[in-house]
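Colleague: Take this structure first; my questions come after.
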Amino acid sequence: MWWDERSVRPRPEWQRNQESVSQRCERENGEGPKETRWDVVVDLDCPYTREAVLSAFRRNAGKWSVTDLSQGECKSAAPDVYWGEYERIDWESVASGKVCANCYCIRKGLIRKAQLALVLTRWCTKYPHSEIARSVPETFVFELYDIEYFEEVLIADVPELREMKPGETWILKPNVTNQALGVHVFNELGSLKAALCKEEAWNLREWVVQRYIANPLLVDKKKFHIRVYVLAVGALKVYVYDDMLALFATEDYDYSPDSLSNLDAHLTNTCHATHSGASEEDMVRLLDEIPTSFPGNKAAMQRKVDDTKKTIRLIVGQCFDAVSSDLSLMPMQNCFELFGFDFLLDDEWRVWFLEANAEPDVKQTGERLHSVISDMISGACEYGPAGLMPTGLKPAKGNKWVEVLQKHMSGSQNMKFRIT
């Protein structure tokens, strides 16, 4: 269920009796909004992300009037833009066109691993020669309510695991958790069953198993994955940020059977790595910094990185095309959202798409690359709220967001719903 009423705060006064953005433009300016100063409410829990968002808006103080709710500031009038936590968005005001928000209400088909796997399976069946069809590891979904039915679930949902051959390795992921919780790498059914018997798995019912990419590209003997920031705007444009990150495991990669339980060598999630004591530079680098770690022709290595980026942009566009065709993602005209997409390169530089995450944890990038996050969020403001609002602002020269999809979603303009 996407709505959790336990985290809902009482609605402030500004969430009542609002007028839409277009109504305000007409009332204040008659002909248009050229002189309008737009009200923004920032309501983010993470200080790192909150400061980056506040700074981005304050750079154009002539166009934005910013309220930071974390400082106890209060708005009596309705904001034009709300950038805050998903659970605190007033969806009735968003659906009626009165507020521009930083999340889509319905997007589980993208951010929940099981739903994404099912959507992409259908898409790849329809378009077997698409780039994304060759970039998604073999994936299966199953539900397990009681470990006593383990064998029955295997027979019904994932018979491929019952026929696992020696040398095969799979990775188990819960459908809805993040920060690498519940992730397990296994090469035998006994190990899979033991993972599902753990206390942390008791309340998790839906799981994804994915064929493990056993031959990752290594840098200084360590595995890494690529974090890509993706911005979806309205209904629907999609952009990819060109500065992609390489997030590293903290120990040297070892694929021997006895090492599969060593998550420090196999997991590249920065939340997991922060407990290891590894340095910030060891954990996070720019993808464009990778060529310096390889011997030989640096220009040739940079061309491989550039080709990798092109492939990633193509995959992201196709992913949104697939998911937006399904009711599990419903873009809304006055919403935008920032996502974190994860990819892996194998030792032949083949790109593999792993998953997509909502509300990416940008603070794990650290201080060394803080300017990357600052520029990324500034650009997101220019294409997101500024792109949806008639501000007259244009993306700054040198903005690194690259458009990968433009698609008109019929019916999204007038979508209505009510939360009771």
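The values are calculated or read from the model by the stated rules, or taken from the named source; none is laboratory data. Predicted model only: the values in this text are computed from it and were never measured. As a convention, Cβ positions derive from the backbone with ideal geometry for all residues, glycine included, and neighbour counts pool all protein chains shown. Accessible surface areas use protein heavy atoms only, side chains included; no ligands, DNA or RNA. Shrake-Rupley method; radii C 1.70, N 1.55, O 1.52, S 1.80 Å.
Colleague: If you scan the range 297-321, which residues turn out to be touching a strand residue (DSSP E or B) at 6+ places or on another chain (Cβ under 7 Å) and open to solvent by 10 Å² or more (accessible area, probe 1.4 Å)?
Modeller: 311, 313, 321
Colleague: A further question on this structure: From the list 369, 393, 354, exactly one residue is of a type in the set (A, V, I, L, M) and closer than 17 Å to residue 319 by Cβ. Which is it?
Modeller: None of the others qualify; the one that does is 354.
Colleague: Give me the pairs: first residue in the range 139-155 and without any contact (Cβ under 8 Å) to a residue 40 or more places away in the chain, second residue part of a helix (DSSP H, G or I) and surrounded by 11 or more Cβ atoms within 10 Å (Cβ to Cβ), beta-carbon distance under 8 Å, and six or more apart or on different chains, which are they?
Modeller: 154/161; 154/189
Colleague: Can you tell which of 355, 251 is closer than 26 Å to residue 184 by Cα, within 17 Å of the chain's Cα centre (by Cα) and open to solvent by 10 Å² or more (accessible area, probe 1.4 Å)?
Modeller: 355
Colleague: Follow-up. Out of 324, 378, I need the residue that is within 17 Å of the chain's Cα centre (by Cα) and of a type in the set (Ser, Thr, Tyr). Which one?
Modeller: 324
Let's see how each residue does on (1) on the phi < 0 side of the Ramachandran plot; (2) at pLDDT 95 or above; (3) out of contact with any Phe, Trp or Tyr (no Cβ under 6 Å at 6 or more places or on another chain):
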site	(1), (2), (3)
265	yes, no, no
269	yes, no, yes
325	yes, no, yes
336	yes, yes, yes
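Colleague: A further question on this structure: Here are some residues: 252, 258, 243. Which one is at pLDDT below 90, on the phi < 0 side of the Ramachandran plot and of a type in the set (D, E, K, R)?
Modeller: Details: 252 fails: at pLDDT below 90; 243 fails: at pLDDT below 90.
The conditions single out 258.
Colleague: Could you tell me how many of the residues in the range 131-153 are farther than 18 Å from residue 212 by Cα, open to solvent by less than 40 Å² (accessible area, probe 1.4 Å) and either aliphatic (A, V, I, L, M) or in contact with a Pro (Cβ under 7 Å, 6 or more places away or on another chain) (or both)?
Modeller: Residues meeting the conditions: 2.
Colleague: If you check 328, 324, 378, which single one turns out to be closer than 14 Å to residue 104 by Cα, small (Gly, Ala, Ser) and buried (at least 19 other Cβ atoms within 10 Å of the Cβ)?
Modeller: Working: 328 fails: buried (at least 19 other Cβ atoms within 10 Å of the Cβ); 378 fails: closer than 14 Å to residue 104 by Cα.
Sole residue among the options that is closer than 14 Å to residue 104 by Cα, small (Gly, Ala, Ser) and buried (at least 19 other Cβ atoms within 10 Å of the Cβ): 324.
Colleague: Within the range 170-184, does at least one residue satisfy the condition of being out of contact with any strand residue (DSSP E or B) (no Cβ under 9 Å at 6 or more places or on another chain), in a loop (DSSP other than H, G, I, E, B) and at pLDDT 90 or above?
Modeller: no
Colleague: Hey, which of the helices (runs of 4 or more DSSP H) in the range 81-130, taking only ones fully inside, have at least 1 residues that are without any contact (Cβ under 8 Å) to a residue 40 or more places away in the chain and open to solvent by less than 50 Å² (accessible area, probe 1.4 Å)?
Modeller: Those helices (runs of 4 or more DSSP H) span 113-126.
Colleague: How many residues are farther than 17 Å from residue 240 by Cβ and either among the acidic types (Asp, Glu) or part of a helix (DSSP H, G or I) (or both) when one looks only at the range 309-333?
Modeller: 1
Colleague: May I ask you to list pairs of residues, at least six apart or on different chains, whose Cβ atoms are under 7 Å apart, with the first in the range 172-185 being more than 13 Å from residue 144 (Cβ to Cβ) and the second being hydroxyl-bearing (Ser, Thr, Tyr) and at pLDDT 80 or above?
Modeller: Pairs that qualify, where the first residue is more than 13 Å from residue 144 (Cβ to Cβ) and the partner is hydroxyl-bearing (Ser, Thr, Tyr) and at pLDDT 80 or above, are 185/169; 185/212.
Colleague: State the number of residues belonging to the range 197-229 that are of a type in the set (S, T, N, Q) and not in a strand (DSSP E or B).
Modeller: Step one: of the range 197-229, the residues of a type in the set (S, T, N, Q) are 203, 210, 215.
When the remaining residues are screened for being not in a strand (DSSP E or B), the result is 203, 215.
Of the residues in that region, 2 qualify.
Colleague: Considering each residue of the range 180-208, count those that are closer than 14 Å to residue 266 by Cα and open to solvent by 50 Å² or more (accessible area, probe 1.4 Å), and give that number.
Modeller: Qualifying residue count, the range 180-208: 2.
Colleague: Picking from 341, 294, which residue would you name as being at pLDDT 95 or above and either crowded, with 19+ Cβ neighbours inside 10 Å or on the phi < 0 side of the Ramachandran plot (or both)?
Modeller: Result of the check over 341, 294: 341.
Colleague: Just give me the residues in the range 207-233 being under 20 Å from the mean Cα position of the chain (by Cα) and either at pLDDT below 95 or more than 30 Å from residue 389 (Cβ to Cβ) (or both), in sequence order. Spell out the reasoning first.
Modeller: So in the range 207-233, the residues under 20 Å from the mean Cα position of the chain (by Cα) come out as 207-210, 224-233.
Within the range 207-233, 207, 208, 209, 210, 224, 225, 226 meet the criteria.
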